[in-house]
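A single structure is presented below for examination.
The values are calculated or read from the model by the stated rules, or taken from the named source; none is laboratory data. Predicted model only: the values in this text are computed from it and were never measured. Because the Cβ atoms are built from the backbone with ideal geometry, glycine has one as well, and the counts that use them run over all protein chains shown.
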């Protein structure tokens, strides 16, 4: 006669053993976190040296090293609109020794532009904290017949198809901002994409070869103040302190949302929560540093941090959805 008792006892013993194993595993994870970090940490930047993301990474590198007690090594992995570096970071071991400096383009925009992208940022990363926020400006050639963005919209409506705008490429925030304005206001303009970042495009706007574009404040502020470019609007919620005479897009009734280019630190999915929290605390202290804040401010960048990793996750979700809607409505596809 077959009895069920040994089987039940086996399940109970097995369950106890399994539970014990889980407890030991949890203890090991906690122990790993308490010893973290005990070796240098890679911070992957998905762009070449010299750009905005690289600037933010190298500016915070030493202070973050100081707060974590280990060296932060900046690793640049450029290519494919930032997707190569993002994939490298996403596939790294989730032990806290590889972090990723993502931005609005790679994290919020690229997943909607590249349907075959293997990395899904909201699934393959754990957001830790935003670190830098760069407000934008709508600029025009200095002799453009409009004093602000509202007058610009009226002018374009009266001259459909005759105005062009520049951007650093198809999926850039610069282009998407203008596409959002076109869609919302029913405008018809010609897009002129440039290679080599926003600098060459802004130079052609300054030279009068192109009519208008969106740029970061850091790209244009000196030429705006010198009168070589005309600032039509800021993309911020409130006027920018360094350009108080420039009205915002929201103030002019052209949008109901502020917009900016941001950078933030993420870790591969599966990184233990205690490690995430330790890195978050170090980032918060780093971004409070007066020297870092001053150096970022001098470049038109705002040093910021998230109240919690969860807050940064919600920020990315909302940002990603916003750009997804714009890309879909404008019918934009990657080149």
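Return the residue satisfying two criteria in turn: it lies in segment 247-273 and is under 30 Å from residue 36 (Cα atoms) and part of a loop (DSSP other than H, G, I, E, B), and of such residues it is farthest from the chain's Cα centre (by Cα).
Quick first cut of segment 247-273, residues under 30 Å from residue 36 (Cα atoms) only: 262-273.
Of the ones still in play, those that are also part of a loop (DSSP other than H, G, I, E, B) are 269-272.
Working: 269: 18, 270: 21, 271: 20, 272: 23 Å.
If we take residues in segment 247-273 being under 30 Å from residue 36 (Cα atoms) and part of a loop (DSSP other than H, G, I, E, B), then 272 is farthest from the chain's Cα centre (by Cα).
Give segment 93-112 a look and list any residue that's surrounded by fewer than 19 Cβ atoms within 10 Å (Cβ to Cβ) and not in a loop (DSSP other than H, G, I, E, B), or say none.
The answer is none; no residue qualifies.
Okay, moving on. Restrict the check to segment 165-175 and report whether at least one residue is modelled with pLDDT of 95 or more and in the same structural domain as residue 212 (by TED's automatic domain parsing).
Pass one, segment 165-175, residues modelled with pLDDT of 95 or more: 165-166.
From what's left, in the same structural domain as residue 212 (by TED's automatic domain parsing): 165-166.
Yes - at least one qualifying residue is present in segment 165-175.
What are the pairs with Cβ atoms under 6 angstrom where one residue, in segment 118-140, is outside the structural domain of residue 102 (by TED's automatic domain parsing) and outside any strand (DSSP E or B) and the other, located anywhere, is modelled with pLDDT of 95 or more and surrounded by fewer than 18 Cβ atoms within 10 Å (Cβ to Cβ)? Sequence gap at least six, or different chains.
Hits for this filter: zero, empty list.
Of the residues that make up segment 230-239, is at least one surrounded by 16 or more Cβ atoms within 10 Å (Cβ to Cβ) and either over 26 Å from the mean Cα position of the chain (by Cα) or over 24 Å from residue 322 (Cα atoms) (or both)?
Yes: segment 230-239 contains one or more residues that are surrounded by 16 or more Cβ atoms within 10 Å (Cβ to Cβ) and either over 26 Å from the mean Cα position of the chain (by Cα) or over 24 Å from residue 322 (Cα atoms) (or both).
Another question, if that's okay. Which of the residues belonging to segment 172-212 are farther than 23 Å from residue 114 by Cβ and either within 21 Å of the chain's Cα centre (by Cα) or not in a loop (DSSP other than H, G, I, E, B) (or both)?
First, the residues of segment 172-212 that are farther than 23 Å from residue 114 by Cβ: 181, 184-190, 199-200, 202-212.
Across segment 172-212, the qualifying residues are 181, 184, 185, 190, 199, 200, 202, 203, 204, 205, 206, 212.
Cβ contacts < 6 Å: first residue without any contact (Cβ under 8 Å) to a residue 60 or more places away in the chain, restricted to segment 286-307; second residue not in a loop (DSSP other than H, G, I, E, B), any location; separation 6+ or different chain. Result?
293/303
Which is closer than 26 Å to residue 50 by Cα and free of Cβ contacts under 8 Å to residues at least 40 places away in the same chain, of 226, 218?
On the way: 218 fails: free of Cβ contacts under 8 Å to residues at least 40 places away in the same chain.
Only one candidate passes the filter, namely 226.
Taking residue 115 as the residue in question, decide whether it is more than 16 Å from residue 189 (Cα to Cα), assigned by TED's automatic domain parsing to the domain that holds residue 200 and part of a loop (DSSP other than H, G, I, E, B).
Details: more than 16 Å from residue 189 (Cα to Cα): yes; assigned by TED's automatic domain parsing to the domain that holds residue 200: no; part of a loop (DSSP other than H, G, I, E, B): yes.
Criteria not met by residue 115.
Please enumerate the residues belonging to segment 294-328 that are touching a strand residue (DSSP E or B) at 6+ places or on another chain (Cβ under 9 Å), buried (at least 19 other Cβ atoms within 10 Å of the Cβ) and over 13 Å from residue 263 (Cβ atoms).
If the condition is that a residue be touching a strand residue (DSSP E or B) at 6+ places or on another chain (Cβ under 9 Å), buried (at least 19 other Cβ atoms within 10 Å of the Cβ) and over 13 Å from residue 263 (Cβ atoms), then 300, 309 are the ones that fit.
Something else about it: Within the bounds of segment 16-39, is there any residue that is touching a helix residue (DSSP H, G or I) at 6+ places or on another chain (Cβ under 7 Å), under 24 Å from residue 266 (Cβ atoms) and modelled with pLDDT under 95?
Restricting attention to segment 16-39, the residues satisfying the condition of being touching a helix residue (DSSP H, G or I) at 6+ places or on another chain (Cβ under 7 Å) are 30, 33, 36-37.
Within this subset, residues satisfying the condition of being under 24 Å from residue 266 (Cβ atoms) are 30, 33, 36-37.
Checking the rest, the ones that are also modelled with pLDDT under 95 come to 30, 33.
Yes, some residue in segment 16-39 is touching a helix residue (DSSP H, G or I) at 6+ places or on another chain (Cβ under 7 Å), under 24 Å from residue 266 (Cβ atoms) and modelled with pLDDT under 95.
Quick check on my filter: what residues within segment 147-187 are free of Cβ contacts under 8 Å to residues at least 24 places away in the same chain and under 22 Å from residue 200 (Cα atoms)?
Once the filter is applied, which keeps residues that are free of Cβ contacts under 8 Å to residues at least 24 places away in the same chain and under 22 Å from residue 200 (Cα atoms), segment 147-187 yields only 162.
When residue 233 is evaluated against the numbered criteria (1) modelled with pLDDT under 95; (2) over 27 Å from residue 101 (Cα atoms), which criterion, by number, is the only one it fails?
(1)
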